[in-house]
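The values are calculated or read from the model by the stated rules, or taken from the named source; none is laboratory data. The model shown is predicted, which means the values in this text are computed figures rather than measured ones. Because the Cβ atoms are built from the backbone with ideal geometry, glycine has one as well, and the counts that use them run over all protein chains shown.
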Amino acid sequence: MKRLFPAPLLSVALLLLWLLLNLSFSAGQVLLGVLFGVLAPLLMAPLRPSHPHIRRPLTVLRLLGRVGIDLVASNLQVGWQVWSLDQRAPRSAFVKVPLDLRDPAGLATLSIVCTVIPGTVWSELALDRSLLLIHVFDLDDEARFIAHFKATYERPLMEIFQ
């Protein structure tokens, strides 16, 4: 069964997305959706990384909460800086963050977190995965930003994945 459906939830999601995008539940669209839902995961299975082992589920919940709080706070901060005309210009900078995290799933999760939080952009990862280049919209203190980034995001991801 696992050979035919390597990712059953993905298959169901693709079928539902297909039907929603076509706004039709005709037999032909359902058949195409099933075909797409079965073939896409089968063809892409070799591209999927190994399944990560989550070691501390409670840390996942704490990290999600922290990311949610940072998401709201950064949205407000960046929005305020963009819309206020009388404030100083933002001090944008590229920051090199040394990484201890090496797990591919952890690094992928870290890239998502960097992308989701307004004001930071994942720019480049060194080939040996030891250094991350991040663009920061408004940087006050580089050392403080690196310490906060490592403590808030990298350390919990290391607990979860390594």
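Identify, please: which residue in the stretch 89-111 is basic (Lys, Arg) and closer than 16 Å to residue 136 by Cα and is, among those, modelled with the lowest pLDDT? It comes out as 91.
Each row is one residue, and each column tells you yes or no for (1) closer than 29 Å to residue 7 by Cα; (2) without any contact (Cβ under 8 Å) to a residue 12 or more places away in the chain; (3) among the hydrophobic types (A, V, I, L, M, F, W, C).
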residue	(1), (2), (3)
65	yes, yes, no
73	no, yes, yes
121	no, no, yes
124	no, yes, no
135	no, no, no
142	no, no, no
154	yes, no, no
160	yes, no, yes
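For the stretch 2-39, a residue qualifies if it is under 18 Å from residue 51 (Cβ atoms), outside any helix (DSSP H, G or I) and hydrophobic (A, V, I, L, M, F, W, C), and the qualifying residues are 4, 5, 7. Answer yes or no as to whether residue 43 is over 20 Å from the mean Cα position of the chain (by Cα), among the hydrophobic types (A, V, I, L, M, F, W, C) and modelled with pLDDT under 85. No, not satisfied. Selection over the stretch 46-63 of residues that are surrounded by fewer than 12 Cβ atoms within 10 Å (Cβ to Cβ) and more than 20 Å from residue 102 (Cβ to Cβ) gives a count of 5.
Evaluating residue 84 against the criteria (1) of a type in the set (Gly, Ala, Ser); (2) modelled with pLDDT of 90 or more; (3) loosely packed, with under 15 Cβ neighbours inside 10 Å leaves one unmet condition, (2).
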